[in-house]
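In what follows, a structure is listed as structure tokens, so that the remarks can point back to it.
The values are calculated or read from the model by the stated rules, or taken from the named source; none is laboratory data. What you see is a predicted model, and the numbers here were worked out from it, not measured in a lab. With ideal geometry, Cβ positions are generated from the backbone for all residues, glycine too; neighbour counts draw on all protein chains shown.
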Amino acid sequence: MRVRLLFFAAVRERMRTAEIVRELAAPTSVEALWHQLQRENPSLGDLRVAIAFALNREYVDSKTMVHDNDEVAFIPPVSGGSA
């Protein structure tokens, strides 16, 4: 099964790319996918506390399952702007 992974802000910087396509053997949760990315790139480790997950452009719970041709986004908190 093939999924598209999108990375934003600090996640994108640490992954050194905005997106990748990943082949998975079976459906998995977005959290399990995140843990797999952390194992491959330990610099992501301290970001999990605040990461939001989106599946096909909708925010989802970490236990949500990912299926073939899904798009998963990993979104850290953002701040900015001024008064």
| query | What's the number of the condition residue 32 fails, among (1) within 15 Å of residue 11 (Cα to Cα); (2) in a helix (DSSP H, G or I)? | reply | (1)
| field | Sole exception among (1) surrounded by fewer than 14 Cβ atoms within 10 Å (Cβ to Cβ); (2) within 22 Å of residue 69 (Cβ to Cβ) for residue 39, by number | value | (2)
| Which residues, taken from the stretch 36-69, are touching a Leu at 6+ places or on another chain (Cβ under 6 Å) and either over 22 Å from residue 2 (Cβ atoms) or in a loop (DSSP other than H, G, I, E, B) (or both)? | 64
| Test result for residue 40, of a type outside the set (A, V, I, L, M), at pLDDT 95 or above and out of contact with any helix residue (DSSP H, G or I) (no Cβ under 7 Å at 6 or more places or on another chain) | no
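Please find, among 16, 4, 22, the residue that is under 11 Å from the mean Cα position of the chain (by Cα) and basic (Lys, Arg). Before the answer, list the steps.
On the way: 16 fails: under 11 Å from the mean Cα position of the chain (by Cα); 22 fails: under 11 Å from the mean Cα position of the chain (by Cα).
When all the criteria are applied, what remains is 4.
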| message | If I filter the stretch 4-12 for residues that are among the aromatic types (Phe, Trp, Tyr), assigned to a helix (DSSP H, G or I) and touching a residue at least 24 places away in the same chain (Cβ under 8 Å), do I get at least one hit? | response | no
| field | Complete set of residues in the stretch 17-34 that are in contact (Cβ under 8 Å) with a residue 40 or more places away in the chain and either of a type in the set (Ser, Thr, Tyr) or surrounded by 14 or more Cβ atoms within 10 Å (Cβ to Cβ) (or both) | value | 24, 30, 34
| Pairs, first free of Cβ contacts under 8 Å to residues at least 40 places away in the same chain and closer than 17 Å to residue 20 by Cβ in the stretch 35-58, second part of a helix (DSSP H, G or I) and of a type in the set (S, T, N, Q), C-beta under 9 Å, six or more apart | 44/38; 47/38
| note | The one condition residue 17 fails out of (1) closer than 21 Å to residue 65 by Cα; (2) at pLDDT 95 or above; (3) not in a strand (DSSP E or B) is (1)
